[in-house]
1. Radius of gyration and Dmax for the range A:56-125's Cα atoms, expressed in Å?
2. Taking 2.2 N^0.38 Å as the expected size of a compact globular protein, what ratio does the Cα radius of gyration of the range B:39-192 give against it, to two decimals?
3. Using θ = phi - 60° and the Karplus curve 6.51 cos²θ - 1.76 cosθ + 1.60, what whole-Hz ³J(HN,Hα) does each residue of the range A:43-58 get, with Gly and Pro shown as x?
4. Given a 10 angstrom Cα cut-off, can you work out which residue in A:68, A:170, A:133 is the most mobile in a GNM of chain A?
5. Evaluate peptide B:138-144: per residue, the Cβ atoms of other protein chains within 10 Å of its Cβ; return the mean as an integer.
6. What's the total accessible area buried between chains A and B, using a 1.4 Å probe, rounded to the nearest 100 Å²?
7. Using only alpha-carbon positions, what ratio does the radius of gyration of the protein assembly as shown give when scaled by 2.2 N^0.38 Å?
8. Distances from residue A:104 to the same position in the other copies: list them in nm, one decimal, shortest first, using label points 7 Å from Cα along Cα→Cβ.
Number of protein chains: 2
Amino acid sequence: MKRLLPGQTILLPSPVLIIGTYGPDGKPNIMNAAWGGIASSRPPCISVSLREATLTHQNIKRSQAFTMNVPSEKYVTEADFAGMSSGRDTDKFAVTGLTAEKSSLVDAPIVSEFPYALECSLIRQVDLGSHTMFIGQILGIVADEDMLGPIRLPDIEKVRPMLWGSLGSMAYYGVGNRLGDAFSVGSSLRQS
Amino acid sequence: MKRLLPGQTILLPSPVLIIGTYGPDGKPNIMNAAWGGIASSRPPCISVSLREATLTHQNIKRSQAFTMNVPSEKYVTEADFAGMSSGRDTDKFAVTGLTAEKSSLVDAPIVSEFPYALECSLIRQVDLGSHTMFIGQILGIVADEDMLGPIRLPDIEKVRPMLWGSLGSMAYYGVGNRLGDAFSVGSSLRQS
């Protein structure tokens, strides 16, 4: 039985993106955002959509840069706190005990404790009603050596990222079982 | 120990998006894409980035519409097949045995067997090198009654969506344990 529902922002899964920026005073800040994803392969780009009221929106416009830090599930408390508070009145690095480290490629801080971060330079901004979509070119990745898999890239089974269950559950989830290889498991349907 | 890697499209997790469109001949098609995410809350918008060479790219430009179908993990084979073949020479609905149902809101097909679909009308197109980002307004959601949770929205624990492990693993994964409530678990760090 199908139900028709009003248009709503329900994408499963949605990522947990911890955006790192510097404030006008040089103070590092982090924000938790779920509205974003990869935007292009060449150049490698990622997008994140933010409300204009946020400090991070203002910071990205000024510095033209941000980092996209991927937290592992053990940092669910810190990640959630980053989405519950504003950098305008809270030093989120101090409260969470996380460490800000300057990116060598862009004017934005990296969260040292997280498995890896994308270093992004703003290349486009798209205004869409409540949110501005910031598109950043991924200039580099800073990753913990022990989060890399066999081909020396961040490996989901080591990173153990979390995901957001969206409006239907309002909760964070971990990654479950490996279901099959991409560009492979579908081969069984190939017509001979 | 931190490693510096070249800029690459590694976002964990990335979603598994099955894009539904009609071809110029009215033939329904599906494609598997991982580059996308929610783009705005009001109006509710979602983005997906596609290479110009794909049939889906051409179909969206003509029909100005698409559906974003979220498969449950039991459809990993069908979803992968949708990413391994082209609608130009393959009737993917016929091969997978999935059923195309016309959206009542937009000129695009819904995959009946999947838990829910977003019905999207194209509102913006952003060209970014290898990929075009299509931004669609989510006009409605078609969902299976038994995929809805307590607040009558698609529930991640019922939908059981899959996610893509990106370049580091090239595999699909299921959803794991519930880690904590959003806007809640972080409260323990609030300063009193």
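The values are calculated or read from the model by the stated rules, or taken from the named source; none is laboratory data. Predicted, not measured: the structure shown is a model, and the values here were computed from it. Here the Cβ positions follow ideal geometry from the backbone for every residue, glycine too, while neighbour counts run over all protein chains shown. Heads up: the accessible areas ignore ligands, DNA and RNA and are worked out on the full protein's heavy atoms, side chains in. Shrake-Rupley method; radii C 1.70, N 1.55, O 1.52, S 1.80 Å.
1. Cα radius of gyration and Dmax of the range A:56-125 are 12.2, 33 Å respectively.
2. 1.17
3. With coefficients 6.51, -1.76 and 1.60, one gets x, x, 10, 9, 10, 9, 9, 9, 6, 5, 5, 7, 5, 4, 4, 5 Hz.
4. In this elastic network of chain A, the residue with the biggest mean-square fluctuation among A:68, A:170, A:133 is A:170.
5. Counting other chains' Cβ atoms within 10 Å and averaging over B:138-144 gives 5.
6. Approximately 9000 Å² gets buried when A meets B.
7. 0.93
8. 5.8
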